[in-house]
Amino acid sequence: MHGFEPKIILFLCNWCSYEGADAAGRGGKEFPSRNLREIRVMCSGRVDPRFVLEAFRIGADGVLILGCAPGDCHYKTGNIEALKRIPLLERILQQNGIKNDRIRFDFVSAGDGEKFARVTGEMVKLLKRLGPFDHA
Amino acid sequence: MPQRIGVYICECGPNIKDAVDMDNLLEDAREHKDVVLVRSFGFLCSPDGKEFLKKDIQAHKLSRVVIAGCSPKENEQTFRDVLKNAGLNPFLLQIANIREQCAWVIQEKSDATEKAGELIRGAINRVRLHEPLEIKTIECCADVLVVGAGVAGISTALAVARKNRKVYLIEKEPCIGGRVAGHEDLYPDMVCASCLIESQLDAILHHNDIEVLTLTEMVEVRGYLGNFMVNVRQKARFVDMEACIGCGACFEVCPVTVPMPFMGGMAGRKAIYIPYSGALPNVALIDGENCLRFQGELCHFCLESCPFGAIRYEETERVRVLKVGAVVVATGFGSFDPQKDVRYGYGKAENIITSLEFEQLVNSNGPTEGKILLTNGRPPRNIAFVHCVGSRTEKFNDYCSGVCCLYTLKHAHQARLQLPEAGICQFHSDLCLPGKDAQRFYRKVLKEDGIEFFRMLRPDTIEIRKGTGSILITHTDTQGELERNEFDMVVLATAMESGVETEGIAGILDVKLGENGFFQEADAGLDPVSTVREGIFMAGCAQGPKDIPSSVAQGHAAAGRIMGKLAPGEPLALEPMVCEIDPEICSGCLVCISLCAFKAIALEDDEPEVSINQAMCRGCGVCAAACPSGAISAGHFSTGAIFSELRGLMG
């Protein structure tokens with residue numbers, strides 16, 4: 001598995017996590033940006049489970065959904081709705097032979113570049129260990 | 001007709017140019033379907049850059065634009081404006097963030113180039129599916145409802161009222177002015193509180209564009225920014241507000257005296273009364289619970305004595321519907337109840353009072369006409385002022401109210417002026433003296449008033465109980481030693497808490513409360529007077545503990561936020577990125593209704609499918625993600641657009 005560089009699709013909410021990702025960039029944090037492909041959505045609650053399935057179908061090794069911290073959602077509860085969908089999504093992924101580790105939901109506040117760097121770093125490290133997702 | 005997509009890669013000086021292989025990116029972008037033009041530029045956000053972009057869009061008849069450069073959080077609006085100026089719908093733009101999320105964080109040029117290329121490809125894929133969005137406008141009402149006529153509410157009302165904009169100021173009490181109207185002097189300069197506020201109250205009562213509704217509470221709020229319908233309930237006053245001049249002839253003849261429990265029952269009032277001398281509006285009211293007429297007796301002394309025929313026994317509660325564009329919550333604060341902790345001895349011994357009771361005591365309109373007296377009518381020989389009662393402790397409130405140290409110093413100063421020989425002590429664990437005037441006031445009190453300070457180990461290392469003939473205070477000092485002192489009077493500086501009715505009000509308004517029970521801000525740092533519900537604002541202690549100037553400032557801030565959003569006679573621009581429902585596909589399962597945090601989705605009577613109110617929808621797309629039929633489309637973030645972007649990113 002030496003040299004494997006996973007590709008992760010990130011769904012970032014416009015108000016917090018996208019800002020968190022920008023903050024990590026502005027702050028010159030050390031994180032594996034080369035492995036990340038960011039998609040901006042207005043709210044983490046916008047992430048349709050089909051987006052996640054499609055990401056795996058076309059070659060992503062992992063998916064990260066990041067939303068505002070609890071209580072900070074620009075749309076009151078969209079982040080919590082997103083979080084509530086994860087267990088169901090995990091069951092669907094499992095049935096398709098996709099390990100739960102390949103998807104992660106977390107809260108990243110605007111300006112929290114530190115956490116963005118940590119979460120993405122952990123995810124890349126984990127996926128390097130798991131190896132490429134077998135799309136067959 | 002195929003799209004004509006223009007792709008612009010901003011060099012951002014050396015920021016992007018040096019981090020990626022520009023030639024490679026330019027060449028790669030040209031390969032994509034519908035891309036008719038690919039260019040790079042030094043600084044696209046510069047005046048030259050914007051002009052260049054505008055001319056290019058027009059000259060090449062571009063139908064879609066992709067800009068690869070800095071974060072959309074930085075310049076998306078800048079470039080949307082350029083599109084608009086070039087005659088293109090501003091939403092036909094997509095930005096690939098190849099600076100913050102690429103050039104600045106990837107060391108290897110080849111890696112950065114690979115990622116930038118994929119981000120650009122994702123953007124090209126996506127922009128092809130962008131729909132032009134129109135900013136719709138609706139008629140709106142610029143009138144304002146202010147809830148609570150304390151100092152925050154009146155400053156909001158005065159700031160926002162103007163010709164063509166009516167303000168309804170509702171207050172649950174019979175008079176306006178809130179807590180400040182009950183104060184004697186204010187720190188740091190001991191200005192007279194009533195002198196300060198009375199001119200404001202007069203201005204409110206005589207303002208052509210402000211309608212004051214006393215004895216009134218909110219019952220229901222429907223609608224959205226610009227179009228709220230608020231049901232309010234006004235209790236009966238039984239006195240005609242237009243006719244009564246507050247002469248007091250009725251009090252004298254009223255046979256019922258209602259005891260007002262204050263420090264052992266010093267005060268009382270009649271069943272027809274004005275809450276305190278100088279209360280505004282200066283109009284009497286009948287207390288229906290104690291008036292004999294409402295107990296079935298035929299008393300009519302007040303009716304007969306009134307020279308103006310103002311008595312209205314037949315008056316009933318009134319419900320009114322107010323149409324307003326915005327609501328401001330200025331419902332003030334409550335106080336920590338010291339009976340919750342036996343250590344404060346409140347209610348267990350006489351002459352242990354709260355700071356608010358001390359305010360009444362020193363108020364020249366109060367029950368003792370401003371004299372500091374014990375329940376036995378004698379002046380105290382010594383007084384202890386206890387800080388942080390119910391605050392800065394995990395057991396009750398972990399925050400600092402921020403004003404108690406200063407008003408406690410003020411109380412000590414007021415006590416010293418009346419009682420030159422008395423012992424005056426303060427029990428504190430820290431002193432919170434913020435702002436530009438507090439230290440000056442502290443030094444003055446320290447220098448002139450001869451006050452003794454006892455420092456406690458923690459805010460709650462104190463026990464107050466009945467002693468022999470006086471009150472015994474035992475506290476643990478900073479060395480951990482127990483110390484005992486006796487006092488005639490103890491004043492407890494209780495924590496400012498959210499008002500007892502806050503939860504109910506939050507429910508009516510459908511807004512959130514924070515962990516400490518106060519109304520939660522949309523953004524505590526940048527939007528501190530907005531609640532999370534658009535069009536509902538807040539001011540004063542409803543948002544958190546604060547002093548009078550800060551409450552006034554928040555009142556003005558809320559007024560400013562409203563004036564920036566609602567102008568009389570001008571339509572309101574709606575959020576263009578909203579969700580839409582396809583009635584052909586909607587199965588009417590109603591999943592979306594329970595998910596919408598803004599109550600924007602409803603099932604209309606007799607309709608098989610739901611509809612989305614375009615004025616209430618904020619475009620988060622939670623419903624679109626959950627709709628099992630795929631009937632909901634999130635504006636600018638359609639499922640198709642995101643799928644396309646995804647495919648572009650994955651190469």
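Could you say whether any residue in region B:436-449 is touching a strand residue (DSSP E or B) at 6+ places or on another chain (Cβ under 8 Å) and either in contact (Cβ under 8 Å) with a residue 12 or more places away in the chain or assigned by TED's automatic domain parsing to the domain that holds B:Pro188 (or both)?
yes
Being over 27 Å from A:Ser17 (Cβ atoms) and buried (at least 24 other Cβ atoms within 10 Å of the Cβ): is that true of B:Ile120 here?
no
Kindly list the number of the only condition in (1) surrounded by 23 or more Cβ atoms within 10 Å (Cβ to Cβ); (2) at the interface with another protein chain (Cβ under 7 Å from one of its Cβ atoms); (3) without any contact (Cβ under 8 Å) to a residue 60 or more places away in the chain that fails for A:Val52.
For A:Val52, the failing item is (2).
Checking A:Pro6 against (1) at pLDDT below 95; (2) within 23 Å of A:Gly121 (Cα to Cα); (3) surrounded by fewer than 24 Cβ atoms within 10 Å (Cβ to Cβ), which test does it fail?
(1)
For B:Ser594, are the conditions met, namely being of a type in the set (S, T, N, Q), over 33 Å from the mean Cα position of the chain (by Cα), modelled with pLDDT of 90 or more and not in a loop (DSSP other than H, G, I, E, B)?
Answer is no for this residue.
For region B:601-620, which positions are assigned to a loop (DSSP other than H, G, I, E, B), within 14 Å of another protein chain (Cβ to nearest Cβ) and touching a Cys at 6+ places or on another chain (Cβ under 6 Å)?
B:Cys617, B:Cys620 - these are the residues of region B:601-620 that are assigned to a loop (DSSP other than H, G, I, E, B), within 14 Å of another protein chain (Cβ to nearest Cβ) and touching a Cys at 6+ places or on another chain (Cβ under 6 Å).
Of these, B:Lys84, B:Lys73, which one is out of contact with any strand residue (DSSP E or B) (no Cβ under 8 Å at 6 or more places or on another chain), over 25 Å from B:Asp111 (Cα atoms) and not hydrophobic (A, V, I, L, M, F, W, C)?
Values: B:Lys73 fails: over 25 Å from B:Asp111 (Cα atoms).
Only one candidate passes the filter, namely B:Lys84.
Can you pull out every residue in region B:100-148 that is touching a residue at least 40 places away in the same chain (Cβ under 8 Å), touching a Cys at 6+ places or on another chain (Cβ under 7 Å) and either assigned to a loop (DSSP other than H, G, I, E, B) or facing another protein chain (nearest Cβ under 10 Å) (or both)?
Across region B:100-148, the qualifying residues are B:Ala112, B:Leu119.
So which of A:Gly59, A:Gly111, A:Gly121 ends up being touching a residue at least 40 places away in the same chain (Cβ under 8 Å), surrounded by fewer than 21 Cβ atoms within 10 Å (Cβ to Cβ) and in contact with a His (Cβ under 7 Å, 6 or more places away or on another chain)?
A:Gly59
Which residue, of B:Gln418, B:Gln360, B:Gln414, is in contact (Cβ under 8 Å) with a residue 12 or more places away in the chain, out of contact with any His (no Cβ under 9 Å at 6 or more places or on another chain) and surrounded by fewer than 18 Cβ atoms within 10 Å (Cβ to Cβ)?
B:Gln418
I'm checking my understanding of the structure. Among residues of region B:637-648 that are out of contact with any Leu (no Cβ under 7 Å at 6 or more places or on another chain) and more than 21 Å from B:Val591 (Cβ to Cβ), which one is farthest from the other protein chains (Cβ to nearest Cβ)? Let's see the steps before the verdict.
Keep residues of region B:637-648 that are out of contact with any Leu (no Cβ under 7 Å at 6 or more places or on another chain), which gives B:637, B:639, B:642-643, B:645-648.
Adding the requirement that they be more than 21 Å from B:Val591 (Cβ to Cβ) leaves B:643, B:645-648.
Working: B:Phe643: 6, B:Glu645: 6, B:Leu646: 6, B:Arg647: 6, B:Gly648: 9 Å.
In this case the residue turns out to be B:Gly648.
Regarding region B:555-563, can at least one residue be identified that is among the basic types (Lys, Arg) and within 13 Å of chain A (Cβ to nearest Cβ)?
no
Out of A:Arg57, A:Arg37, report the one residue that is basic (Lys, Arg), farther than 25 Å from B:Gly635 by Cβ and within 10 Å of chain B (Cβ to nearest Cβ).
A:Arg57
Restricting to region B:574-591, give me the number of residues that are within 14 Å of another protein chain (Cβ to nearest Cβ) and either assigned to a loop (DSSP other than H, G, I, E, B) or over 23 Å from A:Tyr75 (Cα atoms) (or both).
Here the count works out to 4.
Any residue at all in region B:27-49 that's within 46 Å of the chain's Cα centre (by Cα) and of a type in the set (S, T, N, Q)?
yes
Given the structure, is A:Arg46 free of Cβ contacts under 8 Å to residues at least 60 places away in the same chain and more than 9 Å from chain B (Cβ to nearest Cβ)?
It is false that A:Arg46 is free of Cβ contacts under 8 Å to residues at least 60 places away in the same chain and more than 9 Å from chain B (Cβ to nearest Cβ).
Report yes if some residue within region B:627-636 is within 11 Å of chain A (Cβ to nearest Cβ) and under 25 Å from the mean Cα position of the chain (by Cα); otherwise report no.
no
Say whether the condition of being within 20 Å of B:Ala326 (Cβ to Cβ) and modelled with pLDDT of 95 or more is met by at least one residue in region B:463-478.
Checked region B:463-478: no residue is within 20 Å of B:Ala326 (Cβ to Cβ) and modelled with pLDDT of 95 or more.
Out of B:Arg233, B:Arg222, report the one residue that is without any contact (Cβ under 8 Å) to a residue 12 or more places away in the chain, surrounded by fewer than 21 Cβ atoms within 10 Å (Cβ to Cβ), under 32 Å from the mean Cα position of the chain (by Cα) and assigned to a strand (DSSP E or B).
None of the others qualify; the one that does is B:Arg222.
The values are calculated or read from the model by the stated rules, or taken from the named source; none is laboratory data. Bear in mind that the values here come from a model prediction, so they are computed numbers and not experimental data. Here the Cβ is made from the backbone with ideal geometry for all residues, glycine too, and neighbour counts use every protein chain on show.
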